[in-house]
Amino acid sequence: MTRSFFGKNKEYIGNDEFYTQEEDWKAIKKFIPLDKIIWSPFYADGTQKIYFNNMGIDIIHEKEDFFLNNKGQIVIDNPPFSLKRKIIERLKELNKPFILIMPSEVLTYKYIKAFSEHLQIIIPKHRMNFKRPDNSLKKFNYDCIYFCWKMNLHKDIIFLK
């Protein structure tokens with residue numbers, strides 16, 4: 001018998017094609033430093049650049065391999081959840097501050113402890129829904145939050161209203 005995780009067996013291979021909606025980026029606009037060069041390396045469907053431009057924020061958002069590039073001063077994105085550990089470990093290696101959307105249970109993972117000194121979180125008002133490639137919405141059965149590292153927010157835990 002295999003162990004399960006949120007009803008899926010351990011061998012389950014997920015789909016990372018879930019895109020953040022514009023409203024979820026607008027919800028944290030006041031926490032995004034406008035004096036920094038922002039890199040959003042996980043291209044998805046490319047709409048993130050449009051969403052940020054709609055908020056008056058320019059970002060580097062190109063279809064390229066995150067692990068082979070290093071751009072901007074901070075990273076703000078929704079990374080592929082299947083690669084979240086490798087991604088945040090690389091960001092730590094680059095000493096690159098970030099705001100990443102990830103499942104809230106990541107707070108309990110051992111590898112996140114390496115970030116504990118400068119880790120802050122922003123908790124959305126509602127559970128996030130993500131767009132699929134066909135523009136339908138996907139409602140996950142778990143919460144996602146914004147993990148912020150070296151972002152120097154005014155509080156370590158921020159609840160959005």
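What 222 nm value per residue comes from the helices of the chain, counting each DSSP H run with n ≥ 4 as -39,500 (n - 2.57) and dividing by all residues, nearest 500 deg cm²/dmol?
-4000 deg cm²/dmol
Determine the relative contact order of the chain: mean sequence separation of Cα pairs under 8 Å and six or more apart, normalised by residue count, in whole percent.
Relative CO of the chain lands at 23 percent.
For the stretch 98-160 and the stretch 12-58, compute the distance between their C-alpha centroids and round to whole Å.
The stretch 98-160 and the stretch 12-58 have Cα centres separated by 13 Å.
How much of the DSSP beta bridge set in the stretch 4-159 is antiparallel, as a percent to the nearest 5?
Antiparallel bridges: around 65 percent, rounded to the nearest 5.
Tell me which trypsin sites (Lys or Arg not before Pro) from the stretch 97-157 have a DSSP coil assignment and no more than 13 other beta carbons within 10 Å of their own.
For trypsin sites (Lys or Arg not before Pro) across the stretch 97-157 that sit outside H, G, I, E and B with at most 13 neighbouring Cβ atoms in 10 Å, the list reads Lys125, Arg127, Lys155.
Of Lys96/Lys139; Lys86/Lys131; Lys125/Lys155; Lys71/Lys138; Lys63/Lys113; Lys30/Lys84, which pairs sit farther than 28 Å apart, going by alpha carbon to alpha carbon?
Lys96/Lys139; Lys71/Lys138; Lys63/Lys113
Which residues make up the longest stretch of the chain clear of chymotrypsin sites (Phe, Trp or Tyr not before Pro) that lie in a DSSP loop with no more than 11 other Cβ atoms within 10 Å, not counting the sites?
Longest run free of exposed loop sites: 13-141.
Taken together, the values in this text are just the output of simple stated rules run on the coordinates, not laboratory data. Note that the structure is predicted; figures quoted are calculated from it, not measured. All Cβ positions, glycine included, derive from the backbone under ideal geometry; neighbour counts span all protein chains shown.
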